[in-house]
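The values are calculated or read from the model by the stated rules, or taken from the named source; none is laboratory data. Please read all numbers here as calculations on a predicted model, not as lab measurements. Backbone-built Cβ (ideal geometry, glycine too); neighbour counts: all protein chains shown.
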Amino acid sequence: MTAQKQCSNKKNVLILASGNGSNFEAIVKHFRAKGFAQSFDAPVSENVSFVNFELLCDNKNAPVLKKAEALGVPAYCVDFENFYDFLTVRKGKYDLYVLAGFMRVLPEKILETCSNDAFLKDSYANIINIHPSLLPEFKGKNAIARAFEAGVKETGVTVHFLNKNVDSGKIISQKTLQLEDFGGLNLSQLEAEIHKIEHKIYPEIVEKLLFKKNILVFGGGAREHAIASHISVSPFLNRLFLANANDGFKNLGEILEFSDYSDLLKKSLAKKIDILVVGPENPLCEGITDIFENAGIKVIGANKVWARLEGSKSFAKSFMQKNGIKTADFKIATDETTLEAALEYFLSLENETVPVIKADGLALGKGVFVPKDFDEAKNVAKDFLLGKFGDASRKILLEERLFGNEVSVISLWDGKTLVSFPPASDYKRLLDDNMGPNTGGMGAVAPSKITAEQKNEIEEYLKTLETALKKEKADFCGVIYSGLILTNDGPKVLEYNMRFGDPECQVLLELLDIAHGADLLDIFIKMTEKKLEKNDLKIAPKKACCVVLASEGYPENPKKGAEIKNLEKAEEYGCKTYFAGVKTSQGSLTVSGGRVLSIVKSGEGAREALYKAAEAIEFDGKIYRKDIGV
Ligand code: AMP
Ligand code: GLY
């Protein structure tokens, strides 16, 4: 058996059940239906995974024993007082212990004999249970009936790791049932709905815990640090690999060095990477997704065709026009003649607004210019056309200037379903009170302060976007960032990005309701399986805030080389630190870029703590905005 266990595609599972066994049956049938081999005697093949189930039961009259017999699953019926001995003899045999309607609490010495590693602080990482309520509500017996009698508006199912207390281990996943979606359920109908959810999610979670994923995160900013950091604590992770990580977070995973995308692909195949998560836009526009997907590796990030929503402003405009998505009026220019015509058009408008000038392609976030008058517009437009940003600006957009607050709405799209984070606000200007030059972002808060009406309008917009993506058969799995401006005439799209915003990502991930089983890797896995559902993105009801510490001279010419000190202070104030422009030099972390690091915190007192941390962290030339989250 030991030799078989070393094979990553052969797993042994012990299911503990003492009742009806409907979850037992659902789990076994799930694996059979998906073509997993059940016997280790079956012929060995690279492409077949084996899951061998056994049942342990302490009640010889339990219906689950009949189910085991019918399914051909070996069953052991053992008195509970002999469990410890039974399990000790088999120590190390099972990859996962699954409680499926096992009506007893397992004492600590049994948990310890089953445990195979110490991955979790206060829970056993390979022993799981399912509970029919949204823990920590309604722990213990008769949970469905007690929730029903309490008249709850929502209830659901929790899968959690075990610890020595009843229904208290780390929550792996929670699925919510809104009772109003059903209109008056009676108790037995509610039980039936809860069981339906159990039979769907429990087998999926067992599968994800047995076959954990190898993940590669691509990118070297604070955004990618935040993404990698969330993935690194997921129970569904096997190995984490990093490409282009900066020195501030390279310790989170194993580094893959590479010369180009095909070299990275070769190394990723050798490491059996399951999913590539792409942080920045350039690799997407250059087609990294297509390269990996063609080789069978799943990718979170748009393919080359759809990356054009960010990489070509004219493509984005035609997508919006075709699909009734509100955006600023615009004209395209590619030379002097078309530029003159475009300027004429804006001059002829009643309000004569000076158009915003935008490079069509990617220009390192610098391709947008808001001129003060028509002369400036013309001069800047000419510079752009003459190649100020190379080929990216040989085609330009002249765009109607809009007024209103801006929000970033970041959505996840799996090819079928669009699920969105709450709107976030990015502080783009360098200085307080939105003064100074545009930057990549000096801070962020989420959710944004918006009115109920604006919230509804944004939701309407997102429905239109989802319909458009479906209609256009947008066949990618990734992120869509809608840069919206909230005008008097409703939200309008200023730009699309096909990635998380930076620093918006840092605050949005902070809002994930981890205490109730929200898990970024789980969301990514669901996306790659095209199984994303609207309530998969669990957001905690709190506010998150991020302050970026930058280096003097940013964005034009940031000072580099200073040593960064007192980083431990951030943690003392309960803040997380995500690194961007940093490099290890002679054993110390030093400044190597404009945006040096992000500090993030959520909940009560977040802002005060962040500013204490911002003050305490030291490096020569440190600058930051003092008005984030005011
Ligand atoms: P971007 O570099 O694409 O993020 O754009 C930078 C900023 O330029 C945006 O966040 C807006 O503040 C501003 N901007 C872009 N387009 C318009 C527009 N049509 N009207 C007003 N401001 C705009
Ligand atoms: N924070 C703006 C962006 O990521 O584009």
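Scan the range 393-410 and tell me whether some residue there is within 16 Å of ligand 2 (Cβ to nearest atom), modelled with pLDDT of 95 or more and over 30 Å from T528 (Cβ atoms). Yes: the range 393-410 contains one or more residues that are within 16 Å of ligand 2 (Cβ to nearest atom), modelled with pLDDT of 95 or more and over 30 Å from T528 (Cβ atoms). Scanning the range 518-533 for residues that are over 11 Å from the mean Cα position of the chain (by Cα) and under 25 Å from A316 (Cα atoms) yields T528, K530, L532. Meeting the requirement of 1 or more residues that are touching a strand residue (DSSP E or B) at 6+ places or on another chain (Cβ under 7 Å), touching a residue at least 60 places away in the same chain (Cβ under 8 Å) and not hydroxyl-bearing (S, T, Y), the strands (runs of 3 or more DSSP E) wholly within the range 54-137 are 96-99, 124-131.
For the range 482-505, the set of residues classified as more than 21 Å from S318 (Cβ to Cβ), near ligand 2 (Cβ under 10 Å from one of its atoms) and outside any loop (DSSP other than H, G, I, E, B) consists of E504, C505, listed by residue number. Within the range 504-517, the set of residues being within 14 Å of the chain's Cα centre (by Cα) and either within 18 Å of K576 (Cα to Cα) or surrounded by fewer than 21 Cβ atoms within 10 Å (Cβ to Cβ) (or both) comprises E504, C505, Q506, V507, L508, L509, E510, L511, L512, D513, I514. Can you say whether C477 is within 16 Å of ligand 1 (Cβ to nearest atom), over 25 Å from E399 (Cα atoms) and hydrophobic (A, V, I, L, M, F, W, C), as far as the supplied structure shows? When the stated conditions are applied, C477 does not pass them. Evaluated against (1) of a type in the set (D, E); (2) under 25 Å from A446 (Cβ atoms); (3) modelled with pLDDT of 95 or more, D536 falls short on exactly one condition, (3). If the condition is being within 10 Å of ligand 1 (Cβ to nearest atom) and touching a helix residue (DSSP H, G or I) at 6+ places or on another chain (Cβ under 6 Å), then the range 399-421 contributes only S408. Looking only at the range 219-238, filter to residues that are among the hydrophobic types (A, V, I, L, M, F, W, C) and more than 16 Å from ligand 2 (Cβ to nearest atom); which one of those is surrounded by the most Cβ atoms within 10 Å (Cβ to Cβ)? The qualifying residue surrounded by the most Cβ atoms within 10 Å (Cβ to Cβ) is A228. Here E460 meets the list (1) part of a helix (DSSP H, G or I); (2) within 16 Å of ligand 1 (Cβ to nearest atom); (3) out of contact with any helix residue (DSSP H, G or I) (no Cβ under 7 Å at 6 or more places or on another chain) almost entirely, failing just condition (2). The test for being away from ligand 2 (no atom under 16 Å from the Cβ), farther than 21 Å from D414 by Cβ, of a type in the set (A, V, I, L, M) and over 24 Å from the mean Cα position of the chain (by Cα) holds for I357.
In the set Y573, Y554, Y578, which member is of a type in the set (F, W, Y) and either closer than 30 Å to N238 by Cβ or in contact with a Phe, Trp or Tyr (Cβ under 7 Å, 6 or more places away or on another chain) (or both)?
Working: Y573 fails: either closer than 30 Å to N238 by Cβ or in contact with a Phe, Trp or Tyr (Cβ under 7 Å, 6 or more places away or on another chain) (or both); Y554 fails: either closer than 30 Å to N238 by Cβ or in contact with a Phe, Trp or Tyr (Cβ under 7 Å, 6 or more places away or on another chain) (or both).
Answer to the check: Y578.
The residue that is surrounded by the most Cβ atoms within 10 Å (Cβ to Cβ), counting only those in the range 170-193 that are polar (S, T, N, Q) and closer than 14 Å to G151 by Cα, is Q178.
Regarding the range 514-537, can at least one residue be identified that is away from ligand 1 (no atom under 16 Å from the Cβ), touching a Pro at 6+ places or on another chain (Cβ under 7 Å) and in a loop (DSSP other than H, G, I, E, B)? Break it down into steps so the answer makes sense when it comes.
Taking the range 514-537 as the starting set, the residues that turn out to be away from ligand 1 (no atom under 16 Å from the Cβ) are 514-537.
Applying the additional criterion that residues be touching a Pro at 6+ places or on another chain (Cβ under 7 Å) yields none.
Within the range 514-537, none of the residues are away from ligand 1 (no atom under 16 Å from the Cβ), touching a Pro at 6+ places or on another chain (Cβ under 7 Å) and in a loop (DSSP other than H, G, I, E, B).
Whether any residue in the range 369-377 is crowded, with 20+ Cβ neighbours inside 10 Å and within 30 Å of A452 (Cα to Cα) is what I want to check. No, there is no match, as no residue in the range 369-377 is crowded, with 20+ Cβ neighbours inside 10 Å and within 30 Å of A452 (Cα to Cα).
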